[in-house]
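Following: one structure in structure tokens, then a few remarks.
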Amino acid sequence: MVLDVDGNIKGSAHTSTPAEHGGDAMVAACRSVADLATERSGLAPRIAGVGAAGVIDSRGVVLAASDSFTGWEGYPLGEKLRASLNMPVSVGNDVAAFVLGEQRFGAGRGIENFFGIALGTGVGGGLVLNSTLHTGEHGAAAEIGHIPGFGDLLCTCGRSGHLETIAAGRSIASLYTQATGITASAKEVAGLARGGDEVAARLFADAGKGLARAALMISGILDISALIIGGGVAHSWDLLQPAMDSTLRRTPPISGNPVKVLRSGLGADAVAVGASQFADELL
Ligand SMILES: [Zn+2]
């Protein structure tokens, strides 16, 4: 995606993520979408920001990643991207990019304290306190997908009962298959729920309830009242919201201030728009 200095999108392009083919394939895919977006924008970008999955250090090396990425851990992503795109590149975590995008241009504009949750294949989180992204002592702050207390299913991280086991797209799809024997993506399960499939509707209701409980924990610990939810699963807002709202109404925070759950303002563009904020440090 190519943006001007005010964050307006001037050109964009998409491709699927070749995560199973390793880092070099990912960089090549990045290069081809960057070329296409540049051509469409009619501009000549000078710096780039990239939001990538995993824990990324300040030099752009991937320190840790989930097992759905082949050869990603230890990959010198920043260095490879700088060589491939032939410009200064700043790399950060994709969920951090989502949160920064929402803060600057989306639903978080004007909100000093909020928690962002990205509901994609997995569940990621990011915390903005006093208008600053809080990354924690080990860069792992706001890992809301991997807190326990949400049942007893096995999580992708190897532990069990994490929020991700009921609220991630991958979980919704696999729970549906387990219950019905029918293979369907989370998006397809959402379509089935809208068509009256009770199992599908219950899975989204469970996810909504889980998200509301997570929001209450966050609000109880931090006394913040805004939560912004984005990612692919948030497209099924109509299916998540009723259960979220009723759970939040039933058990309001001790402060008496209701938790406000907002839908991402940037939708599918949030990570790319937010990653441009990483590039600001290169100016
Ligand atoms: Zn987990």
Given the alpha-carbon gyration tensor of the chain, what are the semi-axes of its equivalent ellipsoid in whole angstrom, ordered largest first, with each equal to the square root of 5 times an eigenvalue?
-> 31, 22, 18
Which of the peptides 150-157, 135-142 is most tightly packed, and how do the rest follow, going by the mean number of other Cβ atoms within 10 Å of each residue?
-> 150-157, 135-142
Could you state the number of Å between the C-alpha centres of segment 1-70 and segment 83-129?
-> 14 Å
Taking max minus min of the Cα coordinates of segment 110-264 on each principal axis, largest first, gives extents in Å of 46, 32, 25
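With a Förster radius of 22 Å, plug the Cβ-Cβ distance of residue 73 and residue 281 into 1/(1 + (r/R0)^6) and report the FRET value to the nearest 0.05. Intermediate values should be presented prior to the final figure.
Working: r = 24 Å, r/R0 = 1.11.
Once the sixth-power term is evaluated, E becomes 0.35.
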Where does helix 94-105 land angle-wise versus the long Cα axis of the chain, in degrees 0 to 90, nearest 10?
-> 90 degrees
Rank-order 97-105, 174-182, 4-12 by packing density, defined as the average count of other C-beta atoms within 10 Å over each peptide's residues, highest first.
-> 97-105, 174-182, 4-12
Full extension between residue 59 and residue 20 adds, at 0.36 nm per residue less the Cα distance, a length in nm of 11.7 nm
Against the longest principal axis of the chain, how steep is helix 270-279, in degrees 0 to 90 to the nearest 10, with axes from Cα atoms?
-> 40 degrees
How much length is gained if the chain between residue 86 and residue 221 is pulled fully straight, taking 0.36 nm per residue apart and subtracting their Cα-Cα distance, in nm to one decimal?
-> 44.2 nm
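Only the coordinates and a few stated rules stand behind these numbers; no lab work does. These numbers were taken from a predicted model, which means no experiment stands behind them. As a convention, Cβ positions derive from the backbone with ideal geometry for all residues, glycine included, and neighbour counts pool all protein chains shown.
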